[in-house]
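Heads up, the thing below is written out as structure tokens.
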Amino acid sequence: ESTGGWDLTAKLGQFTSGSKTLPTSTTIKLKNGMLMDVQNYNKPNETLANLVLAGTVSIPSDSSTVALTNGTNQGVYHLEYDINGVELELMAHSGVAGLSYTANMDWTLTTAP
């Protein structure tokens, strides 16, 4: 809960598997997001009210910071992306079949008065 505005950002590192890497153009795409207002926060009658469509956000694996919200009003909110709306975009033939690639994603929540 914030008495001022707040922002949520994400930063995705490069995908690696041992010494193998995927290009930094590899992107996680979050589709059809919904930002909802939490009403009656932390009470038995807590509910979510549709507020705005958050749309689609693309997070490249080049460690750049991507805003998921921008100057949201004060209060408690719920940001949701359907797991079926998450895509991994990468160039054809950029990885080695059979390897498991991982990357770190940093989330930053910033509040301001």
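Things worth noting here:
- Between region 82-107 and region 24-40, the Cα center-to-center distance that results, in Å: 17 Å
- Where the chain is the region considered: accessible area per residue in Å², 1.4 Å probe: 64 Å²
- Taking the 1.4 Å solvent-accessible surface of the chain as the whole, the part contributed by carbon and sulfur is 48%.
- Order of exposure, largest accessible area first, which applies to Thr27, Thr108 with probe 1.4 Å: Thr108, Thr27
- Considering only alpha-carbon pairs that sit under 8 angstrom and 6 or more positions apart, the relative contact order computed for the chain is 46 percent.
- Pairs of Lys residues in the chain, spaced 8 or more positions apart or belonging to different chains, with C-alpha separations under 24 angstrom: 4 in total.
- Solvent-accessible surface ranking, highest first, for Lys29, Lys43, Lys20 at 1.4 angstrom: Lys43, Lys20, Lys29
- Spread over its residues, the convex hull of the C-alpha atoms of the chain is 125 Å³ per residue.
- When exposed loop sites are taken as GluC sites (Glu not before Pro) in a DSSP loop with at most 15 other Cβ atoms within 10 Å, the longest stretch of the chain clear of them is 47-113.
- When the surface is traced with a 1.4 Å probe over the full set of protein chains, Asp7 keeps roughly 50 Å² accessible.
The values are calculated or read from the model by the stated rules, or taken from the named source; none is laboratory data. In this text the structure is predicted, and so the values were computed from the model without any measurement. A quick note on method: Cβ atoms are made from the backbone with ideal geometry, for glycine too, and the neighbour counts reach across all protein chains shown. Each accessible area value is taken on the protein alone, full model and side chains, heavy atoms only, with ligands, DNA and RNA left out. Shrake-Rupley method; radii C 1.70, N 1.55, O 1.52, S 1.80 Å.
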